[in-house]
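Student: Can you read through this structure? Questions will come right after.
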Amino acid sequence: MTEAARQAAADLASSGDGLVSGQPVLDLLVALLDLERIEENIFRGVSPAESPVRVFGGQVAGQALVAAGRTVPAERKVHSLHAYFIRPGDPSIPIVYEVDRIRDGRSFTTRRVIAVQRGKAIFALSASFQQPEPGLEHAEPMPAVPDPETLPTRAESMRRYADKLGPIARVPRPIDVRYVTDPPWEVRDRGPAEARSQVWMRADGSLPDDELLHVCVLTYASDMTLLDSVLVRHGAYWGLDRVLGASLDHALWFHRPFRADEWFLYDCASPSASGARGLATGRFFGRDGTLIATVVQEGLLRILD
């Protein structure tokens, strides 16, 4: 663990009951993304002290992207990543990230990253970086939605359900989330609904002016509410129903520059679910309506008897 991560973890642990949010939790995330370099192409990361039984998928994806990005010239920007979640990660031990420098071309750089615990791969990521250049421009418009300041915080939205939701309601979150559509735990009470979820998000505090860090924080956030669009279609939700779920694969395309500590809309929908797998797509829009990223994920979703 880096010294920054140790200090951030200590500060968070000393905060009391764990119902903390804002800059202290965001500082911990930034510290967790500050990987320790062991060798030229080998990095080590850790998980928060207060973690669920397995490593959060957004965390390992963000850390893997940090590892890839630290082997690429700063002027080349990540434009896409494709990842597979292979085994559950153990949050009690470090994760080693091994970077393979696949290609350094005139315009594009390709990296492959394998995350390893106990000698076995738990996660694999391929990422492509591009030298900025001009080209064709168009984008879909952002849906019309209320401003984030007019919406309740996530904690306010789940207050009536906190006891039923258990740890989901208590885990510190570095991302400020405001639901545009009704929160999925409320939708569940009314039964199956449209397979859609819309939330405003932003890093819950201020981030340094490091473009790669902002991309990695968005990558972290992209795994937070995406599969909710699958569950609401079937009137189910984590913690309230016996849902066994896990990310299987994840793809992100980054279209335009952004800051992750400014509001962005995450517009998610699910076109299909079958074979105990659910597919979800998402679009990220900046506050000004700019389309900044697109995501697709398939997740394992089993409803247990």
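Student: Out of everything in segment 114-137 that is outside any loop (DSSP other than H, G, I, E, B) and out of contact with any Lys or Arg (no Cβ under 9 Å at 6 or more places or on another chain), what residue ends up being surrounded by the fewest Cβ atoms within 10 Å (Cβ to Cβ)?
Tutor: Taking segment 114-137 first, the residues outside any loop (DSSP other than H, G, I, E, B) are 114-117, 120-130.
Subsequent filtering for residues that are out of contact with any Lys or Arg (no Cβ under 9 Å at 6 or more places or on another chain) retains 114-116.
Details: ILE114: 18, ALA115: 27, VAL116: 16.
Among them, the one singled out is VAL116.
Student: Return the residue satisfying two criteria in turn: it lies in segment 96-113 and is among the β-branched types (Val, Ile, Thr) and closer than 15 Å to GLY69 by Cβ, and of such residues it is surrounded by the fewest Cβ atoms within 10 Å (Cβ to Cβ). Steps first, answer last, please.
Tutor: So the first thing to find is which residues in segment 96-113 are among the β-branched types (Val, Ile, Thr), and the list is 96, 99, 102, 109-110, 113.
Applying the additional criterion that residues be closer than 15 Å to GLY69 by Cβ yields 99, 102, 109-110, 113.
Values: VAL99: 23, ILE102: 13, THR109: 23, THR110: 16, VAL113: 27.
Filtering first and then ranking leaves ILE102.
Student: Follow-up. State whether one or more residues within segment 227-236 are more than 15 Å from LEU81 (Cα to Cα), part of a strand (DSSP E or B) and either touching a Ser or Thr at 6+ places or on another chain (Cβ under 7 Å) or of a type outside the set (A, V, I, L, M, F, W, C) (or both).
Tutor: Step one: filter segment 227-236 for residues more than 15 Å from LEU81 (Cα to Cα), giving 227-236.
Adding the requirement that they be part of a strand (DSSP E or B) leaves none.
The answer is no; no qualifying residue exists.
Student: Moving on to the next point. One residue is enough: does segment 199-212 have a residue meeting the conditions at negative phi, under 11 Å from the mean Cα position of the chain (by Cα) and assigned to a loop (DSSP other than H, G, I, E, B)?
Tutor: no
Student: Return a yes/no flag: does segment 7-17 have any residue that is closer than 21 Å to TYR97 by Cβ, in contact with a helix residue (DSSP H, G or I) (Cβ under 8 Å, 6 or more places away or on another chain) and either modelled with pLDDT of 65 or more or of a type in the set (S, T, N, Q) (or both).
Tutor: No, that holds for no residue.
Student: While we're here: If you check ASP90 against the conditions, is it within 20 Å of the chain's Cα centre (by Cα) and acidic (Asp, Glu)? Even if it seems obvious, please write down each step before you answer.
Tutor: Numbers: within 20 Å of the chain's Cα centre (by Cα): yes; acidic (Asp, Glu): yes.
Judged against the criteria, ASP90 is a match.
Student: I'd like the full set of residues that are surrounded by fewer than 19 Cβ atoms within 10 Å (Cβ to Cβ) and either at pLDDT 95 or above or aromatic (Phe, Trp, Tyr) (or both), limited to segment 41-62. Outline the logic, then answer.
Tutor: Of the residues in segment 41-62, the ones surrounded by fewer than 19 Cβ atoms within 10 Å (Cβ to Cβ) are 41-42, 44, 49-54.
Passing the criteria: ASN41, ILE42, ARG44.
Student: Which residue is farthest from the chain's Cα centre (by Cα), if the candidates are limited to segment 254-305 and must be over 20 Å from GLU211 (Cβ atoms) and not in a strand (DSSP E or B)?
Tutor: ASP305
Student: Only one residue in GLU149, GLU140, GLU194 is over 23 Å from PHE56 (Cα atoms), in a helix (DSSP H, G or I) and acidic (Asp, Glu). Which one? Walk me through how you get there before you give the answer.
Tutor: Working: GLU140 fails: in a helix (DSSP H, G or I); GLU194 fails: in a helix (DSSP H, G or I).
None of the others qualify; the one that does is GLU149.
Student: Okay, moving on. When segment 152-169 is examined, which residues are found to be more than 22 Å from GLY62 (Cβ to Cβ) and surrounded by fewer than 17 Cβ atoms within 10 Å (Cβ to Cβ)?
Tutor: So in segment 152-169, the residues more than 22 Å from GLY62 (Cβ to Cβ) come out as 152-153, 155-166, 169.
PRO152, THR153, ALA155, GLU156, ARG159, ARG160, ALA162, ASP163, LYS164, LEU165, GLY166 - these are the residues of segment 152-169 that are more than 22 Å from GLY62 (Cβ to Cβ) and surrounded by fewer than 17 Cβ atoms within 10 Å (Cβ to Cβ).
Student: Moving on. Report, by residue number, each residue of segment 237-253 that is among the aliphatic types (A, V, I, L, M), under 26 Å from GLY166 (Cα atoms) and not in a loop (DSSP other than H, G, I, E, B). Spell out how you get there, then give the answer.
Tutor: Step one: list which residues in segment 237-253 are among the aliphatic types (A, V, I, L, M), which gives 240, 243-244, 246, 248, 251-252.
Then keep just the ones that are under 26 Å from GLY166 (Cα atoms); that gives 240, 243-244, 246, 248.
Passing the criteria: VAL243, LEU244, ALA246, LEU248.
Student: For segment 69-109, give me each residue that is of a type in the set (Phe, Trp, Tyr) and assigned to a loop (DSSP other than H, G, I, E, B). Don't jump to the end; show me each part of the working.
Tutor: First, the residues of segment 69-109 that are of a type in the set (Phe, Trp, Tyr): 84-85, 97, 108.
Those that are of a type in the set (Phe, Trp, Tyr) and assigned to a loop (DSSP other than H, G, I, E, B): none in segment 69-109.
Student: While we're on this one: If only one of ASP228, ASP223 is touching a residue at least 60 places away in the same chain (Cβ under 8 Å) and of a type in the set (Asp, Glu), which one is it? Outline the logic, then answer.
Tutor: On the way: ASP228 fails: touching a residue at least 60 places away in the same chain (Cβ under 8 Å).
When all the criteria are applied, what remains is ASP223.
Student: Turning to a different aspect of this structure: Go through segment 67-83 and give me each residue that's surrounded by 14 or more Cβ atoms within 10 Å (Cβ to Cβ) and either modelled with pLDDT under 95 or closer than 27 Å to THR281 by Cα (or both).
Tutor: Across segment 67-83, the qualifying residues are ALA67, ALA68, GLY69, ARG76, LYS77, VAL78, HIS79, SER80, LEU81, HIS82, ALA83.
The values are calculated or read from the model by the stated rules, or taken from the named source; none is laboratory data. Predicted model, so just to flag it, every value in this text is computed and none were measured. Ideal geometry is used to build each Cβ from the backbone, glycine not excepted, and the neighbour counts take in all protein chains shown.
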